[in-house]
Amino acid sequence: MFELVFLGTSASAPSVQRGLSSALVMVNEHRFMIDCGEGTQRQLLRTGLGFRRLDKILLTHGHLDHILGLGGLASTLGRWEALEELNIYGGAMTLARVTMLMEVVFGPGQIPNFGVTLNLLEPGLLFEDKNFTLTAVPVQHRGPDCFAFLFEEKERRPFLAEKAEALGIPHGPVRRDLTQGLPVTLPDGRVIQPEDVLGPPQRGARLLFAGDISHTGSLHKPAEATDLLVVEATYLEVDRQLAKQHGHITAAAAARLARNAGVRQLVLHHVSRRYTTQQVLDEAKAIFPDTVVASDLDSFSVHKDKPIATRNLRQRQQQVVVNDKTGGSERREQ
């Protein structure tokens with residue numbers, strides 16, 4: 001299961017209701033922040049999730065509205081939080097800008113008192129554990145080295161309880177071992193193989209997160225049968241020439257991608273202040289009805305065999321006492 005929390009959903013500049021681009025994907029004990037626009041750390045505090053285990057940041061590209069929050073966040077983590085390392089992943093051009101930003105915050109050649117490591121992103125497998133994989137998917141925007149990120153649960157073989165009952169397999173550790181692919185010996189001496197009680201492999205949940213893109217073509221294959229597709233909706237069709245000029249797509253183009261790829265649900269973000277949320281939603285839903293326009297602090301829980309659960313975390317900020325010692329300056333895009 002993947003949980004996705006939007007920290008900022010505005011395009012280019014913040015609005016009263018929307019902060020700049022950032023999101024958090026949580027998988028078991030792992031946390032991956034995707035982009036870090038200005039004001040991200042305050043949004044993170046508002047969710048009540050805090051900074052714990054926040055050691056991996058994935059950058060879709062190097063435009064300033066997606067990275068300017070890194071300086072303040074790194075300063076906070078280095079000064080106030082017990083974090084041993086911070087791994088930042090991005091393309092070569094993106095990391096060059098991040099390096100300059102870190103030098104502004106900490107001084108030339110200086111880093112915080114914990115290790116900030118800049119990791120060069122290349123297309124392909126980025127992270128793997130026993131439950132899921134994370135793949136970097138190259139996309140087109142403006143400039144080189146732009147990426148989307150595909151989170152995939154590994155295939156699992158379902159435990160067939162009716163077969164276990166027919167074989168007289170007791171509940172408890174024996175069934176657990178079979179579920180984990182281990183043969184077991186029953187008290188009567190029978191050896192039960194996992195194949196006797198496990199069904200055929202079934203794919204797990206899939207979450208594809210794309211930031212700014214100018215074309216959808218590179219996303220058609222990775223988006224196939226995805227449970228949750230997240231992609232920008234900076235412009236509407238009436239302004240599609242502006243979208244092309246600035247390296248973005250329209251809400252309609254995002255919806256066509258979702259429809260053609262057979263995704264379960266589409267979530268739009270990176271919304272321009274020139275449109276209302278309803279205008280963006282109406283354009284997309286006319287093509288792909290299962291569309292949501294994300295708001296800041298919206299949360300989506302993605303299961304393979306369950307409806308995608310949604311909620312907003314604003315109410316949690318009233319339950320959290322924040323020692324607000326955040327630092328770092330805030331600037332704008334480009």
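The values are calculated or read from the model by the stated rules, or taken from the named source; none is laboratory data. As the structure is a prediction and not an experimental result, all values here were calculated from the model. Every residue, glycine as well, gets a Cβ built from its backbone with ideal geometry; the counts of neighbours run over all protein chains shown.
Within the range 204-213, identify whether any single residue is surrounded by fewer than 17 Cβ atoms within 10 Å (Cβ to Cβ) and under 25 Å from Glu283 (Cβ atoms), and answer yes or no. No: the range 204-213 contains no residue that is surrounded by fewer than 17 Cβ atoms within 10 Å (Cβ to Cβ) and under 25 Å from Glu283 (Cβ atoms). On inspection, Leu86 qualifies as of a type in the set (A, V, I, L, M, F, W, C) and out of contact with any Cys (no Cβ under 6 Å at 6 or more places or on another chain).
Among the residues of the range 177-231, those identified as in the same structural domain as Phe132 (by TED's automatic domain parsing) and among the hydroxyl-bearing types (Ser, Thr, Tyr) are Ser214, Thr216, Ser218, Thr226. Got a sec? Which helices (runs of 4 or more DSSP H) wholly within the range 234-321 have at least 1 residues that are surrounded by 20 or more Cβ atoms within 10 Å (Cβ to Cβ) and touching a helix residue (DSSP H, G or I) at 6+ places or on another chain (Cβ under 7 Å)? Hits in the range 234-321: 251-261, 277-285. Tell me, yes or no, whether the range 81-100 has at least one residue that is within 17 Å of Gln43 (Cα to Cα) and at pLDDT below 90. So far as the range 81-100 goes, yes, one or more of its residues are within 17 Å of Gln43 (Cα to Cα) and at pLDDT below 90. Being touching a residue at least 12 places away in the same chain (Cβ under 8 Å) and in contact with a Lys or Arg (Cβ under 7 Å, 6 or more places away or on another chain) is a description that applies to Ser15.
Inside the range 25-77, can you point out the residues that are part of a helix (DSSP H, G or I) and farther than 16 Å from Gly8 by Cα? Residues satisfying the conditions are Gly71, Ala74, Ser75, Thr76, Leu77. Remark: pairs (first residue in the range 140-167, at positive phi; second residue outside any helix (DSSP H, G or I) and buried (at least 21 other Cβ atoms within 10 Å of the Cβ); Cβ separation under 8 Å; 6+ apart in sequence or on different chains) = Gly143/His61; Gly143/Gly62; Asp145/His61; Asp145/Gly62; Asp145/Gly90; Asp145/Gly91; Asp145/Leu121. Quick check on Ala23: is it touching a residue at least 40 places away in the same chain (Cβ under 8 Å) and of a type in the set (A, V, I, L, M)? Yes: the conditions hold for Ala23.
Among all positions in the range 99-110, there is no residue which is touching a residue at least 60 places away in the same chain (Cβ under 8 Å) and closer than 27 Å to Val27 by Cα.
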